[in-house]
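Down below is the structure, laid out as structure tokens.
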Amino acid sequence: MNPIRLTRDVLTPIGKGLGVTISHLGKMLGTRGRAKFTVEYPEERREQFPRTRWRHYLTRYENGLEKCIGCSLCAGACPARCIYVEAADNTDHARFSPGERYAARYEINMLRCVFCGYCQEACPTGAIVLRKEFELADYDRKDFLYTKQMLLEPIPIRPRQVRASDEAPKAAPRSEAA
Amino acid sequence: MSQVEFVNITIDGTTVQVPAGEMVIESARRVGIEIPHFCYHPRLTMEAGANCRMCLVEVSMPRKNPDGTLALARMPKPQTSCSLPAAEGMVIETETPMIVEARKGMLEFLLINHPLDCPICDRGGECPLQNNTMHYGAATTRFVEEKRHPPKAYPLSKYVIFDRERCIHCARCTRFASDISGDAQLDFLKRGADMEVSSFRDTEFTSLYSGNVIEVCPVGALLSRPYRFTARPWDLSTQKSICTECSNGCNIKLDHRAGKLLRVNARLNEEVNEEWTCDQGKFGMDYASHEKRLRRPLIRDGAVFREVSWDEALTHVATALSEAGPAAAFLGGARSSNEDLFVLRRLFQEVLGSQNMDHRLGPAYPSAADVRAALGSQSPTPIAAYERMTTIIVFGCDLAVELPILYLRVRKAAVRRGAKVIECQPSSYRERPHANKVTDFAHSSIWYEPGQETAIAEALAHVMTGGRDPGASDGASDAAASLPNAVAEANVEFGSAIPRLDDGPIAIIIGRDVWSRSLSVPATLKAAADKMGTPCVINTYACSVNEQGARELGILPDGSVQASAPGLNADQILHGLKDGTVKALWVSGVDIASQFHDPELVTQSLEQAPFVVVTALDLNRTATMADVVLPLASVAEYDGTYTSMERRVQRFHQAFDAGVDVREEWRIAANVGMRLGVDMPYASWRDIFGAIATSERAFAECTPDNLGDGGRLLADRNNEDSR
């Protein structure tokens with residue numbers, strides 16, 4: 001091979017590439033190991049980007065009622081058809097959400113989900129959200145079928161507040177006419 | 001028929017010729033322009049219509065200038081196209097800035113008091129208000145004040161729930177109740193901002209057609225209670241089917257999800273149900289996904305049933321039936337498809353050599369030969385033909401209960417086409433609690449006590465054959481005076497208002513209660529009809545879904561031409577089981593223990609029967625007394641055809657997989673036949689239907705592919721005879 005072409009096409013690019021590596025090595029050595037480019041997973045976890053979309057959650061209002069009303073709009077928006085919703089009537093004895101309707105069944109097939117976030121976008125009450133919990137691996141196919149109980153946030157526990165009814169009862173104002 | 005006059009109109013630049021007087025909204029549809037609307041419905045009258053103001057268009061009419069030339073003059077305000085009859089030279093514009101603005105404004109008004117709770121509304125996703133707002137409405141609302149909040153989810157009846165908040169007062173439901181079903185149980189109360197749809201003083205909405213208002217409602221105000229919150233439209237799959245709740249053969253759509261039937265809606269068929277259903281059909285099909293459905297074949301093991309494989313069950317049945325041979329019998333079949341019946345008949349006639357078959361479960365049904373002798377072989381009047389009748393006589397038939405869709409057609413004939421309806425009914429029908437009675441639109445009503453049927457029929461025959469004073473003017477006559485003594489003795493209010501009967505075609509509907517006990521009424525009327533000059537058909541309609549199919553395919557003791565001697569009828573079969581002349585019984589799809597006129601006889605017979613096999617959807621009373629119970633596929637789970645009461649063969653399609661181990665009845669029968677050494681090589685309903693077309697004269701012109709969506713009437717029986 002022509003020595004000029006050999007220098008131009010082979011030796012120079014190799015030299016440039018090695019230069020990058022060596023310069024980074026130099027930086028590393030210069031900071032005496034303080035700059036780290038890997039994390040020690042699983043002891044440590046890298047911080048996720050703000051708009052990362054991973055595991056779904058069904059959220060609640062502050063008073064503990066579910067935000068989900070079982071409208072199935074998420075299922076309609078889902079391009080992977082991985083959401084199954086069955087709704088039912090709220091009754092006075094069993095109230096799950098404000099209003100008439102709640103989700104009696106809510107299931108997501110995580111194997112099918114493509115984490116596009118359309119469900120979150122479609123949700124009229126902001127009930128379903130995709131959070132940053134990314135460790136979703138499991139051993140069994142059927143464990144990827146997330147049920148409503150798995151998806152639902154725990155009921156928020158707050159310090160008990162003194163309610164009006166807990167205070168000492170006040171005497172009703174007496175009517176003048178009586 | 002008068003000549004239809006045509007006019008030329010221009011819609012958005014397209015000139016089109018339409019019948020004079022046609023509403024512009026319909027004309028626009030002809031040229032492919034959809035004008036948004038809520039209250040307009042082609043089958044409802046325009047009284048109280050044109051109230052949603054959504055279908056506004058701009059109209060210009062040609063006007064003569066003083067010099068004689070024509071110029072277009074634009075109407076100053078937009079017009080409602082649903083109430084604007086097309087006229088010569090009319091120029092319509094549907095997308096001008098004024099119209100766009102007007103639609104936007106109308107939607108804004110409609111939405112002022114609409115709660116916009118679309119995510120939880122069952123109509124959301126298939127809602128005209130939602131769709132039109134998306135297409136024509138404003139993106140946001142300017143209305144920040146508190147909306148009206150009447151009670152939500154108010155139950156109007158067992159089936160219908162009413163959400164007053166969502167109502168936009170289009171009057172479709174009230175017009176359905178007054179125009180189509182005729183019970184007028186829904187109407188507007190109060191006026192102005194307080195206006196609301198209501199039943200009279202909040203009484204129950206008991207109409208037998210209440211389910212239709214759910215379908216005509218353009219918003220989610222009237223909703224189905226059984227379907228409430230079970231699914232959204234985009235969750236559902238839809239399949240074409242046929243209603244199985246009576247013999248009218250209504251075309252329906254089955255909406256299902258995850259192997260479960262959730263909802264029944266009407267499917268358009270102008271010849272049968274137009275676009276209506278009755279409540280029996282709309283809400284009565286839930287058996288298809290009932291949790292009590294049988295899942296596996298059962299064999300009696302002492303006092304309990306044991307779940308067995310199909311192979312074991314079928315072998316058991318085949319053995320027992322072959323032992324019985326010609327002493328085997330078949331009962332039921334009025335709910336089975338044509339294909340089921342054909343293969344079952346082959347099994348009994350060809351394999352077992354038995355003619356003991358009966359689909360009728362009444363006290364003393366006349367034999368097929370007697371019916372032929374009394375009534376000839378007239379084809380029944382098709383449903384749509386009632387609109388061309390001058391006189392319709394309803395004899396001992398509570399139409400709305402027995403043949404609900406025929407009731408709507410007879411009512412339409414009477415109210416819109418001016419047919420005279422005469423009813424002769426047992427006086428007990430007056431006390432029936434439902435709201436849809438022939439009396440409401442009948443020209444005259446004749447009430448009789450049980451036992452007087454024949455006298456009434458004779459009196460009617462007397463009038464039909466001209467037993468009236470020829471000098472009497474139309475309408476009132478002294479028919480009562482010239483009636484035979486029988487009626488006078490019976491002291492029936494025959495009325496003096498029997499109309500002339502000889503001025504046009506007559507259809508006579510005879511109720512099952514009458515013709516199944518004795519043929520004297522149909523025979524009397526038939527004899528009179530034959531003497532009349534006008535065409536007159538005596539109809540003894542079938543009542544169960546495929547009862548007519550069972551008649552056509554000869555599931556009758558004397559239904560077969562080949563058989564030398566008639567077999568046993570239902571009564572004789574059951575008595576035969578008791579005294580041992582019948583050795584095996586196949587009961588198909590009917591709970592004879594609860595539905596037979598003599599349940600005691602059934603219980604005794606089934607207990608003493610050597611062998612009983614029942615094919616059923618669930619473990620009904622008859623099935624609990626059987627030796628073998630075979631689970632059937634429901635209408636939603638297989639393909640086939642039914643023959644409706646007007647002899648229309650219609651196709652039903654499989655909607656979903658049963659998910660359990662059930663089979664079609666024809667497959668069961670063919671499997672049994674094969675175990676007995678006769679090859680019945682049927683792979684699908686098409687094979688069997690082809691075989692039916694080859695062997696049955698009435699089905700000769702039918703093929704699996706020419707039934708179409710609307711079905712096909714069987715060849716006229718009169719032609720058959722002359723062939």
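No lab work stands behind these numbers, since they all come straight from the coordinates. All values reported here derive from a predicted model rather than from experimental measurement. Here Cβ is always computed from backbone atoms with ideal geometry, including for glycine, and neighbour counts include all displayed protein chains.
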Would you mind checking which residues have amide H under 5 Å from B:N273's amide H? H placed 1.01 Å from N; only 5 or more apart, or other chain. B:N251
Estimated [θ] at 222 nm from DSSP helical runs (n ≥ 4, -39500 (n - 2.57)) normalised by residues in chain B, nearest 500: -7500 deg cm²/dmol
For the stretch B:6-110, what is Rg from Cα atoms divided by 2.2 N^0.38 Å, rounded to two decimals? 1.08
Order of B:M532, B:M23 - criterion: other Cβ atoms within 10 Å of each residue's Cβ, fewest first: B:M532, B:M23
29 Å Cα-Cα threshold exceeded, pairs from A:K67/A:K132; B:K152/B:K240; B:K64/B:K104: B:K152/B:K240; B:K64/B:K104
Against the 2.2 N^0.38 Å scaling, with N counting residues, where does the protein assembly as shown land? I'd like the Cα-based Rg ratio to two decimal places. 1.22
Return a whole-number percent for the relative contact order of chain B, with Cα pairs under 8 Å and 6 or more residues apart as the contact set. 13 percent
Quick one: net charge around B:G13, please, counting Lys, Arg +1 and Asp, Glu -1 for every other residue with C-beta under 11 Å from its C-beta. -3
Set of aspartates and glutamates near B:K583 by C-alpha distance (under 18 Å), chain-local residues within fewer than 8 positions excluded: B:E323, B:E350, B:D358, B:D571, B:E607, B:D627
At q = 0.11, 0.15 Å⁻¹, what log₁₀ I(q)/I(0) does the stretch A:55-151 have when each alpha carbon counts as one equal point scatterer in the Debye sum? -0.31, -0.56
0 to 90° range, to nearest 10: angle between helix B:685-695 axis and chain B longest Cα axis: 70 degrees
Cα principal axis extents for chain B, largest first, Å: 95, 69, 50
Summing -39500 (n - 2.57) over every DSSP H run of at least 4 residues in chain A and dividing by its residue count gives a helix-only mean residue ellipticity at 222 nm, to the nearest 500 deg cm²/dmol, of -5500 deg cm²/dmol
B:Y448, B:Y136 arranged by Cβ crowding within 10 Å, fewest neighbours leading: B:Y136, B:Y448
List, in order, the whole-Hz ³J(HN,Hα) value for each residue of the stretch B:657-666 obtained from phi through the Karplus relation with A = 6.51, B = -1.76, C = 1.60 and θ = phi - 60°; use x for Gly and Pro. 7, 4, x, 10, 8, 10, 9, 5, 5, 5
Averaged over all directions, how much area does the convex hull of the C-alpha atoms of the stretch B:232-388 cover when projected, in nm²? 14.0 nm²
From the backbone phi of the stretch B:27-42, what are the Karplus-calculated ³J(HN,Hα) couplings (6.51 cos²θ - 1.76 cosθ + 1.60, θ = phi - 60°) in whole Hz, Gly and Pro given as x? 4, 4, 4, 5, 9, x, 10, 8, 9, x, 7, 10, 7, 5, 8, x
Under the Kirkwood approximation applied to all pairs of distinct alpha-carbon atoms, what is the hydrodynamic radius of the stretch B:119-289 in Å? 17.1 Å
Can you give me the Rg/Rh ratio for the stretch A:1-99, using Cα atoms for both radii and the Kirkwood formula for Rh? 1.39
Size of the stretch B:570-658 along its principal axes in angstrom, Cα-based, largest extent first? 42, 30, 20
When Rg is the radius of gyration of the Cα atoms in chain A and Rh is its Kirkwood radius, what does Rg/Rh come to? 1.32
Computed for the protein assembly as shown: size of charge dipole around the Cα centre, +1 on C-beta of each Lys and Arg, -1 on C-beta of each Asp and Glu, debye to nearest 20, value 4100 debye
Can you compute 3J(HN,Hα) from phi for each residue in the stretch B:373-389, using the Karplus curve 6.51 cos²θ - 1.76 cosθ + 1.60 with θ = phi - 60°, rounded to whole Hz and x for Gly and Pro? 5, 7, 10, x, 10, 5, 7, x, 5, x, 4, 5, 5, 4, 5, 9, 7
Histogram of C-alpha separations across the stretch B:524-630, 10 Å bin width, %: 13, 34, 31, 13, 8, 1
Neighbour net charge for B:T94 - beta-carbon separation under 12 angstrom, K R +1, D E -1: -3
Calculated log₁₀ intensity ratio I(q)/I(0) where the Debye formula runs over C-alpha points of the stretch B:571-723, q = 0.12, 0.14, 0.20 Å⁻¹: -0.69, -0.89, -1.20
Could you work out how far helix B:520-531 tilts from the main Cα principal axis of chain B, as a 0 to 90 degree angle to the nearest 10? 60 degrees
Could you pull out the pairs from B:K437/B:K531; B:K158/B:K420; B:K260/B:K292; B:K292/B:K437 whose alpha carbons sit more than 25 Å apart here? B:K437/B:K531; B:K158/B:K420; B:K292/B:K437
Quarter of Cα convex hull surface for the stretch B:51-193, i.e. mean projection, nm²: 12.2 nm²
